[in-house]
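Below: the structure, in structure tokens.
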Amino acid sequence: MYNFDYSRPKSVADAVKAIAGDGDAKLVAGGMTLIPTLKQRLAKPSVLIDLGGIAELKGVKRDGNAVVIGAMTKHIDVANSSEVKSAIPALADLASHIGDPAVRNRGTIGGSISNNDPAADYPSAVVALNATITTTKRKIAADDFFKSLFETALGADEIVTSVSFPIPEKAAYMKFPNPASRYAIVGVFVAKTGGNVRVAVTGAGPGAFRWKEAEAALAKSWNPDALKALAVKPDGLNSDIHASSEYRAHLIGVMARRAVAKAG
């Protein structure tokens, strides 16, 4: 690692002050990506601002017809939350299968979506459930938040404070995990609220994206068979040692049908 200063603010206001005006400062949540990056000397921050001591960024609450999760809430706490299990069991299920126990006990929802790893699980839930991301400056709709590979709409000095998930009628997440990392080679989150259906895919492209043909088909008939005639083109999908773009395209259909069947 390179030398850097370390700051552990006790409030969001203090964190905002700490990062303001320093383009080389880095926020650290769970550190699941940043710490390995530092060890490999791929980043050289002037100061690490640890958000772990900010109590107001943690916790889960029901707010009307939505579940609001603080940015520093750990994956394990989302998985075990009675509020999440009751209102959006698919989200609790997703959180329970992120990485391994070490990752689930350190990683946070805010860190995950801010990092926007193309194979992360949470972005698919954010997009499929049409969540709203609240930051220290504004509210951002799910469709506007994720931009591209490791890129989001966040400004350099903007901090995610919470994510608000509308409660769906039906929802489920299915993924084909990498057997070592448990990252999604392909993951699909489906959600239905009234006549509105959203289908979000992760692991297959540069970031989470909606499969709108599947949404239209499921809006007419909420049934796995409604997706059988659909096919995803492999153009632009990820292709690596784990899976070709053609195989990922095939997996999108398989995982989507399984998710709809799981949702009921």
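The values are calculated or read from the model by the stated rules, or taken from the named source; none is laboratory data. Remember, it's a predicted structure, so these values are computed and weren't measured experimentally. Reconstructed Cβ throughout: ideal geometry from the backbone, glycine too, with neighbour counts over all protein chains shown.
For residue 126, are the conditions met, namely being aliphatic (A, V, I, L, M), at pLDDT 95 or above and in the same structural domain as residue 258 (by TED's automatic domain parsing)? Step through it out loud before you land on a result.
Details: aliphatic (A, V, I, L, M): yes; at pLDDT 95 or above: yes; in the same structural domain as residue 258 (by TED's automatic domain parsing): no.
Against the criterion (aliphatic (A, V, I, L, M), at pLDDT 95 or above and in the same structural domain as residue 258 (by TED's automatic domain parsing)), residue 126 does not qualify.
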Selection over segment 20-58 where residues are β-branched (Val, Ile, Thr), in contact with a Ser or Thr (Cβ under 9 Å, 6 or more places away or on another chain) and in a strand (DSSP E or B) yields a count of 2
Given the conditions (1) modelled with pLDDT under 95; (2) in contact with a helix residue (DSSP H, G or I) (Cβ under 9 Å, 6 or more places away or on another chain), every one holds for residue 100 apart from (2)
Exercise. On the given criteria, is residue 203 modelled with pLDDT of 95 or more and on the phi > 0 side of the Ramachandran plot?
Worked result: yes
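Please go through segment 121-130 and give me each residue that is of a type outside the set (Val, Ile, Thr) and surrounded by 24 or more Cβ atoms within 10 Å (Cβ to Cβ), ordered by number.
At the first step, the residues of segment 121-130 found to be of a type outside the set (Val, Ile, Thr) are 121-125, 128-130.
121, 122, 123, 124, 125, 128, 129 - these are the residues of segment 121-130 that are of a type outside the set (Val, Ile, Thr) and surrounded by 24 or more Cβ atoms within 10 Å (Cβ to Cβ).
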Scanning segment 32-53 residue by residue, those closer than 18 Å to residue 110 by Cα and more than 21 Å from the chain's Cα centre (by Cα) turn out to be 48, 49, 53
**Prompt:** Taking residue 107, is it surrounded by fewer than 17 Cβ atoms within 10 Å (Cβ to Cβ) and not hydrophobic (A, V, I, L, M, F, W, C)?
**Reply:** no
